[in-house]
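> Below is the structure I would like to discuss, written out as structure tokens.
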Amino acid sequence: MQVETIRPAGGRPAHIRHDDLISAQGVSVVMGADQNRQLILRDIDLSVPKGSFVSLIGPSGCGKSTLLKVLAGLVRPSSGSVSIAGLSPGEAARKRMIGLVFQDANLLPWKNAVDNASMLLSIADRSMSRSALRARGQEMLDLVGLGDAAHKRPNELSGGMRQRVAIARALALDPAVLLMDEPFGALDAITRDQMGQSLLEIWQRTGKTIVLVTHSIDEAIHLSRQVHVLGINPGRITQSLDISLPYPRDASVAEVPEFVRLVLQLRGMLRSSHQPGGVS
Amino acid sequence: MSKQPVVDISPPQPASGWSAATSSWLPAVILLLVTIVLWEAAVRIFSISSFIVPAPSEIARSLVAQWDTLAQATMITAGEILFGFLVSVMVGIALALVIVRFDWLGRALYPLVVLFQNVPKVALAPIFILWFGYGLAPKIGLILVIAFFPVTLSMLAGMQSVDRSLLALMNSVGASPTQILFRIRVPHSLPSLMAGTKIAATLSVIGAIVGEFAGASDGLGYVIQFASTQLDTALVFAALLLVSVLGIAFYYAAEILERLVVPWAPKFSHA
């Protein structure tokens, strides 16, 4: 894993490793009917090792969000299979193995931060008492650095703080996987950097497996262990890039020559991913 | 991770207290007083007959002289409005819940509700008198058919505007439709519902007066009709004034209710 490898476009991995938590094989998604039929994703092979941090990057409309929804069990693939620790995404979701974070924090404006953090858990586990839920919510807020804001309503929180609550809400489920769809996409550049750094620290402290959809090259390289580049028309994984920069990484990682080299390399991959893919 | 300093970023509160209140109300009060003075002067200068347009002073005199009758009529009408309003809100909410929760029933009901909305409901008043007599029932019925619609419509709009990714989150933990309805859709609809409730409060006043016009032996609507047949226009205006006061009172009661129910909802200022 420390050696950077570039997989040829459309190539399948030689084998699925045993420590893979997520594995998708030959996943295609077709949406619409008749004339409007559209191939959103074609023949996606993806494996995410347990405890890894993987980013999906690609141009708008490449289906990276759809791929995340397939992993979350929210979109059923038209063909191919997905397994999360040997379970289907739907089963995994029912076992609280999947934590979701979207671009919009989607907090409930009538609940304070701690109740928002425990909101999904309260539905997933109906046996938990109110005080146990509160305690769990508070614990998660502490983890994301918002322990002091437990009693604030969403309209009293900044965009970055709201997104921290959304992450706390996902973590409260104690999921095996954190699936994040452009979670910092609506934040300003400075907050975005801070959030990325916080996410790295949370990842290292909790050991969760994280799949991050992003359109930021810097973010993908700064945070992840592996980046998959998606191409457009149809959405498919064109290339993958292992990020060999050692952890723990902080903001200064961006000054390392290797970082700059990776940025250039990833930018080149993205450029070629814009070309519609024929048979390859 | 370093602890984020918690900064209070709540928006600045608008200036409160008497000085702010008077300065925001002052223009309206001045305009009202000027209008009353001009009205009084015009009636006196052009010596307009009091059964055509009574002077404000004459309306005030009538208000004092007939106070007992008017006060009793006001209580009756207020009771009808309150009762009718509460029934309208409850029926309106129940209808919205049924339409959202039971898809098939909703698709059957919703077009009919919209169709019914286009019936001129004031024209139903005589039929309600025929069916329910001269008592409280026809007034409540009339208020209900006039006022439930904005409640249903606003609550539906609120319940259907829940963000799709929030629903995805709920589905990801296996939330049932009933859980999504009561834990997300209903609370999410409250700000919108309260807006519809304020409209219903105003419409309830209209419903009560129309009900009394069509057939009643008491209430402000009855006083207005009776006084106009007697050419006691000053009394008509006095009763109208009280109807307006009732309307304003119910509107602000609904607004206070809104602040209690949805303190978290975004507000817009009137200033």
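> Determine if the range A:191-208 includes at least one residue that is assigned by TED's automatic domain parsing to the domain that holds A:SER65, assigned to a loop (DSSP other than H, G, I, E, B) and farther than 16 Å from A:PHE102 by Cα.
Yes.
> Look at the range A:113-163 and say how many of its residues are touching a residue at least 40 places away in the same chain (Cβ under 8 Å), open to solvent by less than 10 Å² (accessible area, probe 1.4 Å), more than 20 Å from A:LYS208 (Cβ to Cβ) and in a loop (DSSP other than H, G, I, E, B).
Matching residues across the range A:113-163 total 1.
> Can you name every residue in the range B:165-208 that is polar (S, T, N, Q), open to solvent by 10 Å² or more (accessible area, probe 1.4 Å) and within 15 Å of the chain's Cα centre (by Cα)?
B:SER192, B:THR202
> Could you grab me the full set of residues in the range A:78-96 that are crowded, with 20+ Cβ neighbours inside 10 Å and touching a helix residue (DSSP H, G or I) at 6+ places or on another chain (Cβ under 7 Å)? Spell out how you get there, then give the answer.
Residues of the range A:78-96 crowded, with 20+ Cβ neighbours inside 10 Å: A:82, A:84, A:89, A:92-93.
Once the filter is applied, which keeps residues that are crowded, with 20+ Cβ neighbours inside 10 Å and touching a helix residue (DSSP H, G or I) at 6+ places or on another chain (Cβ under 7 Å), the range A:78-96 yields A:VAL82, A:ILE84, A:PRO89, A:ALA93.
> I'm trying to understand the selection: among the residues of the range A:164-181, which are of a type in the set (D, E, K, R) and either within 11 Å of chain B (Cβ to nearest Cβ) or not in a loop (DSSP other than H, G, I, E, B) (or both)?
Correct list: A:ARG164, A:ARG169, A:ASP181.
> Within the range A:97-104, can one find any residue that is open to solvent by 50 Å² or more (accessible area, probe 1.4 Å), facing another protein chain (nearest Cβ under 10 Å) and in a loop (DSSP other than H, G, I, E, B)?
Of the residues in the range A:97-104, the ones open to solvent by 50 Å² or more (accessible area, probe 1.4 Å) are A:103-104.
So of that shortlist, the ones also facing another protein chain (nearest Cβ under 10 Å) come out as A:103-104.
Among the residues that remain, those that are also in a loop (DSSP other than H, G, I, E, B) are: A:103-104.
Yes, the range A:97-104 contains at least one residue that is open to solvent by 50 Å² or more (accessible area, probe 1.4 Å), facing another protein chain (nearest Cβ under 10 Å) and in a loop (DSSP other than H, G, I, E, B).
> Still on this structure, I have one more. Looking at the range A:218-227, can you tell me whether even one residue there is open to solvent by 20 Å² or more (accessible area, probe 1.4 Å) and either in contact with a His (Cβ under 8 Å, 6 or more places away or on another chain) or more than 27 Å from A:ASP19 (Cα to Cα) (or both)? Give the steps one after another, and end with the answer.
Looking only at the range A:218-227, we keep the residues that are open to solvent by 20 Å² or more (accessible area, probe 1.4 Å), and these are A:218, A:222, A:225-226.
So of that shortlist, the ones also either in contact with a His (Cβ under 8 Å, 6 or more places away or on another chain) or more than 27 Å from A:ASP19 (Cα to Cα) (or both) come out as A:218.
Yes, the range A:218-227 contains at least one residue that is open to solvent by 20 Å² or more (accessible area, probe 1.4 Å) and either in contact with a His (Cβ under 8 Å, 6 or more places away or on another chain) or more than 27 Å from A:ASP19 (Cα to Cα) (or both).
> In the range B:115-143, which residues are within 26 Å of B:ALA157 (Cβ to Cβ) and exposed (fewer than 12 other Cβ atoms within 10 Å of the Cβ)?
B:LEU115, B:ASN118, B:VAL119, B:PRO120
> Can you pull out every residue in the range B:54-90 that is aliphatic (A, V, I, L, M) and surrounded by fewer than 17 Cβ atoms within 10 Å (Cβ to Cβ)?
B:ALA60, B:VAL64, B:ALA65, B:ALA71, B:MET75, B:LEU86, B:MET90
> Do we have A:LEU108 as assigned to a loop (DSSP other than H, G, I, E, B), facing chain B (nearest Cβ under 10 Å), aliphatic (A, V, I, L, M) and surrounded by fewer than 21 Cβ atoms within 10 Å (Cβ to Cβ) here?
In short, yes.
> Condition first: open to solvent by less than 50 Å² (accessible area, probe 1.4 Å), β-branched (Val, Ile, Thr) and within 14 Å of chain A (Cβ to nearest Cβ). Now tell me which residues in the range B:215-271 satisfy that.
B:VAL262 - this is the single residue of the range B:215-271 that is open to solvent by less than 50 Å² (accessible area, probe 1.4 Å), β-branched (Val, Ile, Thr) and within 14 Å of chain A (Cβ to nearest Cβ).
> Please tell me if B:LEU220 is within 18 Å of the chain's Cα centre (by Cα), assigned by TED's automatic domain parsing to the domain that holds B:ALA249 and over 30 Å from A:PRO109 (Cβ atoms).
Here the answer is yes, as B:LEU220 does meet what is asked.
> For the range A:40-62, what are the residues that are open to solvent by less than 10 Å² (accessible area, probe 1.4 Å) and part of a loop (DSSP other than H, G, I, E, B)?
Selection gives A:SER52, A:GLY58, A:CYS62.
> Look through A:ILE237, A:ILE243 and report the one residue that is open to solvent by less than 30 Å² (accessible area, probe 1.4 Å) and more than 17 Å from A:ILE40 (Cα to Cα). Walk me through it before giving the result.
Values: A:ILE237 fails: more than 17 Å from A:ILE40 (Cα to Cα).
Of A:ILE237, A:ILE243, the one residue that is open to solvent by less than 30 Å² (accessible area, probe 1.4 Å) and more than 17 Å from A:ILE40 (Cα to Cα) is A:ILE243.
The values are calculated or read from the model by the stated rules, or taken from the named source; none is laboratory data. The structure displayed is predicted, hence computed values, not measured ones. For neighbour counting, all protein chains shown are included, and Cβ atoms are generated from backbone atoms with ideal geometry for every residue, glycine included. Quick note on the areas: whole protein, heavy atoms, side chains included, nothing else; ligands and nucleic acids left out. Shrake-Rupley method; radii C 1.70, N 1.55, O 1.52, S 1.80 Å.
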